[in-house]
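Right, one structure below, let's go through it.
The values are calculated or read from the model by the stated rules, or taken from the named source; none is laboratory data. No experiment lies behind these values; they were computed from the predicted model shown. Heads up, the Cβs are rebuilt from the backbone with ideal geometry, glycines too, and the neighbour counts pull from every protein chain shown. Protein only, heavy atoms only, side chains kept; ligands, DNA and RNA dropped before computing areas. Shrake-Rupley method; radii C 1.70, N 1.55, O 1.52, S 1.80 Å.
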Amino acid sequence: MLRVKNLVKKYSDLKVLDNINFRIDDGEVVSIIGPNGSGKTTLLNLISGLDKDFSGVINHTTNAKFGFVFQNSDDSVLPWKTVIENIHLHDKNLDKKRISKILRETNLWKFRNKYPYQLSGGMKQLLAISRAFIHECNFIILDEPFSSLDCQMASLVRQKLMQLYESEKPTVIIVSHNLDDAILLSDRIVVLSNRPGKIKGVVNIGLQRPRMESAVLSNEFLDYKREVAKLI
Amino acid sequence: MKETFRLSKYFAVPAGIFALAVIIYYLGIFNKLLFPNPAIILKEFVLLLTNKEIVSEFGLTFSRVLATVLISALIGIPAGLVLGYNKSLYRSFEFVIDFCRSIPPIALFPLFMLFLGIGDSSKIAYGVWVASLVILVNTSYGVFHLNKAYLKIAQVYNATKLYLFSHIIFPAALPNIFAGLRIGASLSLMAIIVTEMFIGSSNGLGHAILDAQLNYKIPQMYAIILMTGLMGYLINQVLMLIEKRTIHWI
Ligand SMILES: Nc1ncnc2c1ncn2[C@@H]1O[C@H](COP(=O)(O)OP(=O)(O)O)[C@@H](O)[C@H]1O
Ligand SMILES: [Mg+2]
């Protein structure tokens with residue numbers, strides 16, 4: 001569980017987040033959407049403990065383990081390490097079976113000895129996602145993970161993410177600019193205002209899981225889309 | 001055919017300079033004793049390549065330069081990584097580093113001689129003084145400008161400090177480290193040649209240049225100068241080759 005109370009973040013004199021309050025239960029998928037500069041990336045850094053300079057309260061379960069996927073696929077992986085080395089990082093004792101199972105699911109197994117420059121942007125994002133799952137992260141944080149990908153790749157990465165999510169049920173927090181992505185993936189969507197970011201509204205998405213990509217065509221989906229769009 | 005064209009492009013400018021030197025020689029613009037026929041210099045150069053004495057001077061200078069570069073790297077790279085990672089530490093050292101770099105290095109050589117004598121150790125120590133600072137500063141800049149996302153990866157996955165430095169910060173800084181090494185290597189060569197010219201020095205290419213000048217073997221002097229250039233060029237090429245092999249992911 002993650003609880004954020006009265007969170008305020010300033011970069012010297014610049015206030016970027018203003019009195020943020022929310023709670024995310026274990027296994028939930030939450031999307032954060034908001035305009036550029038509204039403090040979404042900042043919020044992710046605070047939640048995951050990368051940035052400890054804030055006022056307010058951020059609480060999470062004691063065994064919280066975070067995995068990060070960045071907006072730019074070249075940021076998500078180390079270019080001088082092979083796929084398998086990028087998975088391991090310093091940890092030599094990961095479960096071999098689990099590595100092979102997850103890499104096969106994300107179609108990266110046969111590329112395990114390749115370097116990131118030999119992979120497409122989508123594969124690099126899948127690598128970062130696979131790493132988070134293999135390390136059994138219970139919080140997986142994705143900062144606009146699809147925005148650097150073309151739409152086929154984005155769709156593939158989204159499907160693989162959902163597939164892994166369904167089998168492991170970690171808590172997933174995604175920043176996205178794409179309403180369809182956000183609705184399709186999430187249990188809840190948090191909409192931020194212009195800087196300084198405040199919560200403008202929260203929309204619960206009740207679509208049944210597992211969700212198919214075709215759900216975007218349903219009336220229910222369109223209703224959610226209207227509801228979120230009204231908040232933006 | 002294409003290959004010949006490429007090679008001819010490569011050699012066109014050096015050949016042009018050589019031709020220009022020949023013209024200057026025959027026009028007699030400079031004293032022919034001080035500016036000898038380039039063809040004779042070239043012949044002298046080829047002769048020197050098989051001259052045991054000069055080859056051993058070359059080897060001596062080269063091994064001093066090599067020792068200088070290696071020691072400078074062993075000091076400059078780790079120190080640069082640590083100072084680059086810890087910016088406030090770098091700030092504390094910044095004045096000292098910049099001040100040391102601002103002292104014309106040759107001003108310090110008498111001091112090195114005083115402490116270490118005129119043997120290899122003072123020469124190498126002097127070279128290390130010059131080169132390690134350059135390598136250190138370049139390494140630190142590499143760390144300053146590394147992609148901060150990589151540090152975040154290390155942080156969220158709780159990488160050990162050892163892993164952080166050896167597997168993330170060091171490889172990320174490698175392009176700058178190699179730039180520093182190449183500058184450091186040419187500075188080392190310069191430093192070693194200068195120290196070999198000091199009074200009391202009795203070997204190395206620097207000494208051989210001075211010796212040839214004092215004995216008025218002018219073509220030989222030019223030929224040895226060319227040799228020092230050849231050494232610098234070769235060191236640079238080898239470093240670039242190692243760089244290309246090492247940083248294969250760019
Ligand atoms: N390290 C930082 N120092 C100073 N200002 C920052 C820093 N990071 C972000 N900002 C500023 O904070 C605001 C929010 O940034 P960010 O969280 O990246 O927004 P978003 O991800 O929603 O686009 C922006 O105006 C940005 O310029
Ligand atoms: Mg952002």
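Less than 5 angstrom separates the built amide H of A:Phe68 from those of A:Ile141, all sequence-distant by 5 or more or on a different chain. Sparse packing (at most 16 other Cβ atoms within 10 Å of the Cβ) combined with a DSSP loop state is found for the following chymotrypsin sites (Phe, Trp or Tyr not before Pro) in segment B:219-250: B:Trp249.
DSSP assigns beta bridges within chain A; of those with both partners inside it, close to 50 percent run antiparallel. Using the Karplus relation 6.51 cos²θ - 1.76 cosθ + 1.60 with θ = phi - 60°, the per-residue 3J(HN,Hα) values for segment A:93-109 come to 9, 6, 5, 4, 5, 5, 4, 5, 5, 6, 5, 5, 5, 9, 6, 9, 4 Hz, with x marking Gly and Pro. Ordering B:Ala149, B:Ile41, B:Leu214 by Cα displacement along the dipole of segment B:37-246 toward the positive end leaves B:Ala149 in first place; charges were set at the Cβ atoms of Lys, Arg (+1) and Asp, Glu (-1).
Backbone amide hydrogens, once placed in the peptide plane, bring A:Val175 within less than 5 Å of A:Ile32, A:Leu142, A:Asp143, A:Glu144, excluding anything fewer than 5 places away on its chain. Per residue, the accessible area of the protein assembly as shown comes to 51 Å², computed with a 1.4 Å probe over protein heavy atoms only. Heavy atoms of chains B and A lose about 2000 Å² of accessible surface on contact, summed over both sides with a 1.4 Å probe.
With each run of n ≥ 4 DSSP H residues scored as -39500 (n - 2.57), what mean residue ellipticity at 222 nm is computed for the protein assembly as shown after dividing by its residue count and rounding to the nearest 500 deg cm²/dmol?
Details: 18 runs with 276 residues, N = 482.
After summing the helix terms and dividing by the residues of the protein assembly as shown, the value is -19000 deg cm²/dmol.
Of the trypsin sites (Lys or Arg not before Pro) found in segment A:71-116, those that fall in a DSSP loop while having at most 13 other beta-carbon atoms within 10 Å are A:Lys92.
Coupling constants for segment A:52-61 follow from the phi torsions by the Karplus curve (6.51 cos²θ - 1.76 cosθ + 1.60, θ = phi - 60°), and in residue order they are 10, 9, 7, 10, x, 10, 10, 10, 9, 3 Hz; glycine and proline get x.
Go through segment A:124-232 and name the GluC sites (Glu not before Pro) that are in a DSSP coil and have 15 or fewer other Cβ atoms within 10 Å of their Cβ.
On the way: sites: A:Glu136, A:Glu166, A:Glu168, A:Glu213, A:Glu220, A:Glu227; in loops: A:Glu136.
Taking segment A:124-232 and a limit of 15 other Cβ atoms within 10 Å, the loop GluC sites (Glu not before Pro) found are A:Glu136.
Computed from phi, the 3J(HN,Hα) profile of segment B:137-146 under the Karplus parametrisation 6.51, -1.76, 1.60 (θ = phi - 60°) reads 5, 4, 4, 4, 5, x, 6, 3, 9, 6 Hz, with x in place of Gly and Pro.
Shielding by partners for peptide A:87-96, expressed as the average number of C-beta atoms from other protein chains within 10 Å of each residue's C-beta, is 3.
For the pair B:Lys161 and A:Asn93, a Förster radius of 25 Å applied to the C-beta separation gives a FRET efficiency near 0.85, rounded to the nearest 0.05. Extending 7 Å from the Cα toward the beta-carbon at both B:Ala15 and A:Ser100 defines two label points whose distance is 6.1 nm.
What's the extension gain from A:Lys5 to A:His177 if we count 0.36 nm per residue and subtract their Cα-Cα distance?
Values: separation 172, 0.36 × 172 = 61.92 nm, distance 2.46 nm.
Extra length from A:Lys5 to A:His177 when fully extended: 59.5 nm.
Under 5 Å from the amide H of A:Val29 lie the amide H atoms of A:Val172, A:Asp187, A:Arg188, each residue being 5 or more positions distant or on a separate chain, with H modelled from the backbone and absent for Pro and chain starts.
Carbon and sulfur atoms: what percent of the 1.4 Å accessible area of the protein assembly as shown do they account for? The value for the protein assembly as shown is 62 percent carbon and sulfur by accessible area.
Highest-first packing order for the peptide set B:155-162, B:166-173 is B:166-173, B:155-162, based on the mean count of other beta carbon atoms within 10 Å.
Rounded to the nearest 20 debye, the dipole magnitude of chain A is 360 debye, with +1 charges on Lys and Arg beta carbons, -1 on Asp and Glu beta carbons, and the Cα centre as origin.
Measuring heavy-atom accessible area with a 1.4 angstrom probe and counting protein chains only, the residues of segment B:208-250 that give up at least 50 Å² relative to the chain alone are B:His248, B:Trp249. Among the protein heavy atoms, those of A:Ser148 account for about 60 Å² of accessible surface (1.4 Å probe, every chain in place). When the surface is traced with a 1.4 Å probe over the full set of protein chains, A:His177 keeps roughly 100 Å² accessible.
Using unit Cβ charges (K, R positive; D, E negative) and no other charged atoms, how large, in debye to the nearest 20, is the dipole of segment B:37-246 about its Cα centre? Don't skip to the end; give the middle numbers.
Details: 14 positive and 9 negative charges, 154 e Å.
Dipole size: approximately 740 debye.
Pairs with C-alpha atoms separated by more than 19 Å, drawn from the list A:Lys101/A:Lys160; A:Lys40/A:Lys198; A:Lys101/A:Lys169; A:Lys5/B:Lys152; A:Lys92/A:Lys169, are A:Lys5/B:Lys152; A:Lys92/A:Lys169.
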